[in-house]
Amino acid sequence: MTKIQKKVIWITGASSGIGEALAHQILAKDGKVILSARRTNKLERVKQNCQGNNPENIKIVPIDLSQVDSLETATQAALKCFGKVDILVNNAGISQRSLAVETTMAANRKIFEVNFFGAVNLTQLILPEMLHRKSGHLVVISSLVGKFGTPLRSCYAASKHALHGYFDSLRTEVAKDNIKVTLICPGYIQTEVSVNALTGDGSKYQKMDETQKSGIPVNICASRIVKAIEQEKQELYIARQEIVGVYLKKLFPTLLSKFLQLQ
Ligand SMILES: NC(=O)c1ccc[n+]([C@@H]2O[C@H](COP(=O)([O-])OP(=O)(O)OC[C@H]3O[C@@H](n4cnc5c(N)ncnc54)[C@H](OP(=O)(O)O)[C@@H]3O)[C@@H](O)[C@H]2O)c1
């Protein structure tokens with residue numbers, strides 16, 4: 001069991017949605033948080049909203065995961081906040097709402113740069129410090145589409161599948177050094193993920209999908225993530241009926257593919 005109390009938890013994508021909800025729940029358990037994302041004004045708002053907690057336990061490190069050259073400096077800044085990072089939550093991500101044939105390579109690369117290389121980059125920068133202390137926990141917010149592909153999500157699904165390959169491999173390498181790896185696969189969660197998703201030309205979709213609106217409330221999702229961290233789970237699905245896709249993919253993949261095909 002991992003105790004959140006007094007732990008230092010670095011959350012990317014903390015300016016909204018799942019990352020923001022995680023910050024609230026970790027602070028309520030007396031953890032310390034480092035909030036990262038691009039929009040500093042939103043991070044400041046999250047910090048203000050968390051003020052019921054000890055403000056000393058909240059630090060902000062702005063980050064743009066697509067700016068590879070800036071990540072080493074950001075990691076050093078995060079390490080300076082509390083002297084270490086116990087748990088890195090690779091949560092920042094961008095979704096997609098476009099047919100593969102209509103998606104530019106620039107949009108494909110942007111999704112991969114943030115969702116996959118962003119998480120890998122930050123992990124590899126923080127890992128030496130965790131290895132040195134022989135302690136650490138890497139948490140990755142993947143998706144159910146990290147387990148099976150669905151229409152209009154080709155590169156998003158690919159980026160999430162890639163996270164499973166990388167972090168499952170990494171787990172086998174660092175387990176002996178007391179470093180845990182947890183992959184979280186949400187289904188539909190009530191956040192602005194569809195609003196912020198990319199269309200084929202790389203512009204924002206800017207629509208709240210019905211499935212998103214009627215998804216699992218974000219605070220419930222965050223509390224299940226915190227529990228999975230505490231229980232040091234390797235993988236967790238957080239979803240309603242859409243979870244059936246995971247099992248159909250394993251047992252009846254042709255049936256799942258036929259069911260998901262666009263008309
Ligand atoms: N909501 C769902 O239904 C759902 C389902 C499965 C998986 N997920 C995953 O959950 C994670 C969180 O998404 P969410 O639902 O909370 O959506 P969200 O509200 O859109 O949050 C996405 C976060 O990622 C950050 N971000 C985007 N690009 C970034 C960049 N280049 N550098 C740094 N940060 C960046 C955003 O902050 P800035 O714009 O301020 O940078 C924002 O804080 C994502 O990985 C997503 O794929 C969500």
Kindly check whether there is at least one residue in the range 113-132 that is free of Cβ contacts under 8 Å to residues at least 60 places away in the same chain and farther than 27 Å from residue 69 by Cβ.
no
Those residues of the range 209-231 which are open to solvent by less than 60 Å² (accessible area, probe 1.4 Å), outside any helix (DSSP H, G or I) and of a type outside the set (A, V, I, L, M) amount to 209, 215, 217
When residue 242 is evaluated against the numbered criteria (1) within 11 Å of the ligand (Cβ to nearest atom); (2) in contact with a helix residue (DSSP H, G or I) (Cβ under 8 Å, 6 or more places away or on another chain); (3) open to solvent by 20 Å² or more (accessible area, probe 1.4 Å); (4) under 30 Å from residue 124 (Cα atoms), which criterion, by number, is the only one it fails?
(4)
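Quick check on residue 106: is it of a type in the set (A, V, I, L, M) and out of contact with any helix residue (DSSP H, G or I) (no Cβ under 7 Å at 6 or more places or on another chain)?
On the way: of a type in the set (A, V, I, L, M): yes; out of contact with any helix residue (DSSP H, G or I) (no Cβ under 7 Å at 6 or more places or on another chain): yes.
Yes.
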Can you run down the residue pairs with Cβ atoms below 6 Å, 6 or more apart or on separate chains, where the first is in the range 7-25 and over 15 Å from residue 139 (Cα atoms) and the partner is hydroxyl-bearing (Ser, Thr, Tyr)?
17/191; 25/223
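If a residue has to be farther than 18 Å from residue 225 by Cα and either within 9 Å of the ligand (Cβ to nearest atom) or assigned to a helix (DSSP H, G or I) (or both) to count, how many in the range 183-203 make the cut?
5
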How about the range 46-74: which of its residues are within 16 Å of the ligand (Cβ to nearest atom) and out of contact with any strand residue (DSSP E or B) (no Cβ under 9 Å at 6 or more places or on another chain)?
48, 49, 64, 66, 67, 68, 69, 70, 71, 72, 73
Has the range 39-60 got at least one residue that is at pLDDT 95 or above, farther than 20 Å from residue 191 by Cα and β-branched (Val, Ile, Thr)?
yes
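Quick check on residue 118: is it more than 30 Å from residue 6 (Cβ to Cβ) and either in contact with a helix residue (DSSP H, G or I) (Cβ under 9 Å, 6 or more places away or on another chain) or aliphatic (A, V, I, L, M) (or both)? Steps first, answer last, please.
Working: more than 30 Å from residue 6 (Cβ to Cβ): no; either in contact with a helix residue (DSSP H, G or I) (Cβ under 9 Å, 6 or more places away or on another chain) or aliphatic (A, V, I, L, M) (or both): yes.
No; evaluated as a whole, the condition is false for this residue.
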Condition set part of a helix (DSSP H, G or I) and not hydrophobic (A, V, I, L, M, F, W, C), scope the range 56-71, selection farthest from residue 83 (Cα to Cα): answer is 69
Restricting the first residue to the range 218-230 and requiring it to be at negative phi, which pairs with a second residue that is open to solvent by 30 Å² or more (accessible area, probe 1.4 Å) and within 10 Å of the ligand (Cβ to nearest atom) meet a Cβ separation below 6 Å and a spacing of at least six or different chains?
218/190
Do any residues in the range 142-154 that are at pLDDT 95 or above have Cβ atoms under 6 Å from those of residues that are within 7 Å of the ligand (Cβ to nearest atom) and in a loop (DSSP other than H, G, I, E, B), where the two are at least six apart or on different chains, and which pairs are they?
144/187
Tell me, please, whether a residue that is over 24 Å from residue 174 (Cα atoms) and within 10 Å of the ligand (Cβ to nearest atom) can be found in the range 127-146.
yes
Run down 206, 234 and say which single residue is open to solvent by 40 Å² or more (accessible area, probe 1.4 Å), away from the ligand (no atom under 14 Å from the Cβ) and modelled with pLDDT of 95 or more.
234
Failed criterion for residue 180 (all others in (1) of a type outside the set (Ser, Thr, Tyr); (2) more than 28 Å from residue 124 (Cβ to Cβ); (3) more than 11 Å from the ligand (Cβ to nearest atom) hold):
(2)
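The values are calculated or read from the model by the stated rules, or taken from the named source; none is laboratory data. What you see is a predicted model, and the numbers here were worked out from it, not measured in a lab. All Cβ positions, glycine included, derive from the backbone under ideal geometry; neighbour counts span all protein chains shown. The area values use the complete protein model at the heavy-atom level, side chains included, leaving out ligands, DNA and RNA. Shrake-Rupley method; radii C 1.70, N 1.55, O 1.52, S 1.80 Å.
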